[in-house]
Amino acid sequence: MTTLKGENIYIRALEPNDLEFIYAIENDQTIWEVSNTQTPYSRFLVKQYLENAHQDIYEAKQLRLAICQDQDFPALGLIDLFDFDPKNNRAGVGIVIQGQENRNQNIGSEALELLIHYSFYHLNLHQLYANIGTENKSSIALFTKFGFQNRGTKKDWNLVNGVYKDEAIFQLINNQL
């Protein structure tokens, strides 16, 4: 198996032609709750971000990859490693699939599986974690499918539309190293 290619999807580095896709995701207010976004992003800022996307994970402390289904390159979603901590060999994981029609198609599952493999066997990480709102049953099911375990709940952690919501931390330890 090629590291970043699965049976039905592959994950790839960001390209300049991802500008409109990333712009749309970053400005989709329906997912701001899960991304902790508070304000819209301009095309200018997204373009600047893409111009610096060549930095490796050790320099940027994050890695954002596009999730694609076929070779003509359009992205269906994004999967991220963030808060990369090389001293303690850990990183956070975030994933977003654009469009309801692409959800529940195993795209997220396959992308997460590829990212876990990449993280543990190429970056030699000891652990991955995900912060998930306790009401986000789809994300909880996705991450627990791959062995992430709920390690605790942060009460009233996020203020969403005037209501405080709980957030759980899910953790996956690489016991193979």
Note to self: Ignoring ligands, DNA and RNA, please state the percent of accessible area on the chain from carbon and sulfur, probe 1.4 Å.
What the structure shows: 48 percent
Notebook entry, point to check: Reported to two decimal places, what Rg/Rh ratio describes the chain when computed on Cα atoms with Rh from the Kirkwood expression?
Noted result: 0.94
Checklist line | Sparse-neighbour loop sites [GluC sites (Glu not before Pro); segment 74-177; at most 16 other C-beta within 10 Å; DSSP] | finding: GLU135
Check: Using 1/(1 + (r/R0)^6) with R0 = 30 angstrom and r between the beta carbons of TYR41 and LEU123, what's the FRET efficiency to the nearest 0.05?
Finding: 0.65
Check: Given H placed 1.01 Å from N in the peptide plane, which residues other than close sequence neighbours of GLY133 have an amide H under 5 Å from its amide H?
Finding: ALA168
Note to self: Sequence gap of 8 or more, or different chains, plus Cα separation below 22 Å: how many lysine pairs satisfy both in the chain?
What the structure shows: 10
Check: For ASN106 and TYR58, what is the calculated FRET efficiency with R₀ set at 41 Å and r taken between the beta-carbons, to the nearest 0.05?
Finding: 0.85
Note to self: Rounded, prolate or oblate, given the Cα gyration tensor of segment 1-63, with a/c below 1.5 counting as rounded?
What the structure shows: prolate
Next item on the list: Please give the per residue accessible area of the chain, computed with a probe of 1.4 Å over protein heavy atoms only, in Å².
Entry: 58 Å²
Check: What is segment 60-177's relative contact order, in percent, from Cα pairs under 8 angstrom and six or more apart in sequence?
Finding: 19 percent
Check: When the Karplus curve 6.51 cos²θ - 1.76 cosθ + 1.60 is applied with θ = phi - 60°, which whole-Hz ³J(HN,Hα) does each residue of segment 44-49 get, with x for Gly and Pro?
Finding: 4, 5, 5, 4, 4, 4
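The values are calculated or read from the model by the stated rules, or taken from the named source; none is laboratory data. Since the structure is predicted, the reported quantities are computational estimates derived from the model, not experimental observations. All Cβ positions, glycine included, derive from the backbone under ideal geometry; neighbour counts span all protein chains shown. For the accessible areas, the whole protein counts, side chains as well, though only heavy atoms, and no ligand, DNA or RNA atoms are used. Shrake-Rupley method; radii C 1.70, N 1.55, O 1.52, S 1.80 Å.
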